[in-house]
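Inspection log for the structure reproduced underneath, given as structure tokens.
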Amino acid sequence: MGTGCISYQVVQEALNVVTRKLGFSVGDARALLAQVLTPLWRVLPSGELYERGLTFCDRYGFCFYDSMIVAGAVESGCICLYSEDLQHGQRIESLTIENPFQV
């Protein structure tokens, strides 16, 4: 425990959702960025990351953005990716997808 990480894309998506859908003020979004997202942010874009993401698009049929999140998780050495958008229990290399809302 205590070893979570997120990619740049997750940072972008989180800030978009909280400001556009959840009504966070810019100040609240900045606080979320500083206190929660930035400390977890480990994966930056690179040519290799995009190549791996495209490979996952092709191999697993994921949309590009989901493929990039999976690629970031694999690249950073994660063993578990929490997502409600992907297949619960699916294994990709050493990564297992888990839906945190599945009972």
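What follows is calculated from the coordinates using simple rules that are stated; it is not laboratory data. Quick caveat: nothing in here was measured; it's all calculated off a predicted structure. Cβ: placed from backbone, ideal geometry, glycine included. Neighbour counts: every protein chain shown.
Computed values, structure above
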read-out	value
Per-selection Rg to Rh, the chain - Cα, Kirkwood hydrodynamic radius	0.98
Förster-model FRET efficiency, 22 Å R0, SER46 and GLU13, C-beta, rounded to 0.05	0.70
Fewest-first ranking of CYS63, CYS78, CYS57, using other Cβ atoms within 10 Å as the exposure measure	CYS63, CYS57, CYS78
Dimensionless Rg/Rh of the range 1-43 - Kirkwood Rh, Rg from C-alpha atoms	0.99
Low-density loop cleavage sites - trypsin sites (Lys or Arg not before Pro) in the range 1-96, where at most 16 other Cβ are within 10 Å (DSSP)	LYS21
Cβ-Cβ FRET estimate between GLU84 and LYS21, R0 fixed at 22 Å, reported to 0.05	0.90
Sum of -39500 (n - 2.57) over DSSP H runs of 4+, divided by residues of the chain (222 nm, nearest 500)	-13500 deg cm²/dmol
